[in-house]
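Have a look at the structure below, then the notes.
The values are calculated or read from the model by the stated rules, or taken from the named source; none is laboratory data. Note that the structure is a prediction, hence the values are computed from the model and not measured. Note: ideal-geometry Cβ built from the backbone for every residue, glycine included; neighbour counts use all protein chains shown. Side chains are part of the model used for accessible areas, which takes the heavy atoms of the whole protein and leaves out ligands, DNA and RNA. Shrake-Rupley method; radii C 1.70, N 1.55, O 1.52, S 1.80 Å.
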Amino acid sequence: MIEGSTAGEIAESVRGRIDAGALSAGDALPTVRALADELGVNRNTVAAAYRALARAGVVVSRGRSGTVVAGPVLTEEEGFARETVLRDLGSGNPDPDLLPLPVLSELDLRTPALYGDALIDKDLRAWAANWFAAAQPRPFELSVTSGAVDALERLLAATLAYGDVVAMEDPCFLSSINVVKLGGYRVVGVPLDDEGMTVAGLRAALDAGARAIVCTPRAHNPTGISLSERRAAELRAVLERAPHVLVIEDDHYSLLSRRPYHSVVPEGHARWALVRSMSKFLGPDLRLALLASDPDTAVQLRARLSPGTTWVSRILQRVAVGMLEHPETSAALERAGAHYAARNDRLRALLRERGISARGDDGLNVWVECGADARTVSAAMMRRGWLVRTGGAFHLEADDGAPEIRLTAHTLDDVELRDLADDLRAAIDEAGGRQSRRSNG
């Protein structure tokens, strides 16, 4: 039985019943009116208790369907197939053979970093300052985080409150979706066309109250779409009317990309950040991202990257700058970027020959529009020895019936790519036949 006469007491009573096992995930709480009548309190008191529980992630409001006890947030990640006999085309990983890995003995790691030392290694700061200055000709401050996901999580936490609206591309990078879900923010999707985030979609997101915008300027994951110069200018014009919205650009593919970087941050914009992860070109396990931002945002980030407790390891930073400045790295990155582009271009061409549509032209992955239920296509591909990633997980509102799949196929040779394209054509035809039979039956 729920008890209490104040909002705090009622909320604690609900939590106590959950802890005791009397309420479980999915169980419905009494309506505000019913519980207020039962306890003899004002309805606003019960409503305030339910709001506090929702902010804490204990319950979920489902509008007219009432309020229910929240369950664990289920998320999907990259590299999802840990043990399979199938040829895995769903991992989203770079090719480990193309990562530049100099011998660690070549690096000077002898000088220890201690509590209170600078957050950024001086050599990494010097390298990054030149890199970002070429992209953002405006004053900025540098930060370093434990990868792009860590950067996004810290940026949103430093700027937003629980329940604030975040605008993101739809479909979107899996880890970005997870950050927003787990952070308790409300998300508004912005559709993509062949030039990137749409102008109408961004306007609608701002009208819906978005306080932060997350945009991928090139090699969008999962679609491979990059912003055109024209579209970036149009988006900047829209954002000029929202000068205090935080604009986050996730340039995750940076040094491997064959497309130019076009920023959506307007001149003089108050709150912005450009995040560049090292994962795609130096390796996911390095867990490092560099970030350029306006000074106020940098101050807030520094408060969350305390030099006493939560800084990013300076040993990792020295490894990163050692890899970046290694004499063989530049050529290695050029080879890697050319390889990914050539393999994916070849796959897109083979798909087009078979009447299959694929979007984008940059990045590690190929986004295929099947025109049929991707789950059925995926099952048919499994029977042919391939494991593919269905597209529903990449939509902000998970869509099991989405018609797209994402392929990470850059490790395949020409013969294997041709076999893949043939099998995908057959799988789509099979899935379409089943859908037709179901509709006719």
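Among ALA212, ALA126, ALA393, the residue with the largest mean-square fluctuation in a Gaussian network model of the chain, with springs joining Cα atoms closer than 10 Å, is ALA126. According to the Cα-based calculation, Rg over Rh for segment 351-441 is 0.96, with Rh computed by the Kirkwood formula. For segment 252-363, the direction-averaged projected area of the alpha-carbon convex hull comes to 9.6 nm². Within the listed set ALA242, ALA332, ALA118, the residue fluctuating most in the Gaussian network model of the chain (springs between alpha-carbon atoms under 10 angstrom) is ALA118. Counting only GluC sites (Glu not before Pro) that DSSP places in a loop and that have at most 12 other Cβ atoms within 10 Å, the longest clean stretch of the chain runs over 84-239. Ranked by the mean number of other Cβ atoms within 10 Å per residue, highest first, peptides 54-63, 142-151, 417-426 order as 142-151, 417-426, 54-63.
For segment 115-224, averaging the sequence separation of C-alpha pairs within contact (under 8 Å, six or more residues apart) and dividing by the residue count gives a relative contact order of 25 percent. Take the Cα coordinates of the chain, assign each an equal point scatterer, and use the Debye formula without solvent to give log10 I(q)/I(0) at q = 0.13 Å⁻¹. Debye output, listed in q order: -1.22. The relative contact order of the chain, computed from alpha carbon pairs under 8 Å that lie at least 6 residues apart in sequence, is 17 percent. Taken per residue, the accessible surface of segment 120-163 reaches 43 Å², heavy atoms only and a 1.4 Å probe.
Span-like helices, the chain: DSSP H, alpha-carbon axial extent 27 Å or more, mean Kyte-Doolittle -1.0 or greater, which ones? Going by DSSP H runs, the hits are 329-353.
Applying 1/(1 + (r/R0)^6) with r as the Cβ-Cβ distance of VAL58 and ALA426 and R0 = 51 angstrom yields a FRET efficiency of 0.60. In order along segment 280-285, the Karplus-derived 3J(HN,Hα) couplings, from 6.51 cos²θ - 1.76 cosθ + 1.60 at θ = phi - 60°, round to 6, 10, 9, x, x, 6 Hz, and Gly and Pro are given as x. Between ALA204 and THR6, the FRET efficiency from the beta-carbon distance, with R0 = 41 Å, is close to 0.55. Think of the chain as having a plus end and a minus end, set by charges on the Cβ of Lys, Arg, Asp and Glu; of ILE120, CYS172, ALA134, CYS172 sits farthest toward the positive end of this dipole.
Using alpha carbons only, the radius of gyration of segment 153-204 set against its Kirkwood radius gives Rg/Rh = 0.99. By a 1.4 Å probe calculation restricted to protein chains, TYR185 has an accessible surface near 40 Å², given to the nearest 10.
Restricting the calculation to Cα atoms, every distinct pair contributes to the Kirkwood radius of segment 85-210, found to be 18.6 Å.
Once the 1.4 Å probe is applied to the protein heavy atoms, segment 230-320 comes out at 38 Å² accessible per residue. Annotation: for a label point projected 7 angstrom from Cα along Cα→Cβ of ARG258, residues of segment 365-397 with backbone N closer than 19 Å are 365-368. Rg then Dmax, both in Å and based on the Cα atoms of segment 286-441: 21.5, 67.
Take every pair of alpha-carbon atoms less than 8 Å apart whose residues are at least six positions apart; their mean separation over the length of segment 267-369 yields a relative contact order of 16 percent. With the helix formula -39500 (n - 2.57) applied to DSSP H stretches of n ≥ 4, the chain reaches a computed 222 nm mean residue ellipticity of -12500 deg cm²/dmol. How many percent of the accessible area of the chain is carbon or sulfur, using a 1.4 Å probe? Of all accessible area on the chain, carbon and sulfur atoms account for 49 percent.
Across segment 113-118, computed HN-Hα scalar couplings (Karplus, 6.51 cos²θ - 1.76 cosθ + 1.60, θ = phi - 60°) run 9, 10, 3, x, 5, 4 Hz from first to last residue, x flagging Gly and Pro. For segment 352-441, the solvent-accessible area of protein heavy atoms averages 43 Å² per residue (probe radius 1.4 Å; ligands and nucleic acids excluded).
Its residue count N fixes a reference of 2.2 N^0.38 Å for segment 141-257, and the Cα radius of gyration divided by that reference is 0.99.
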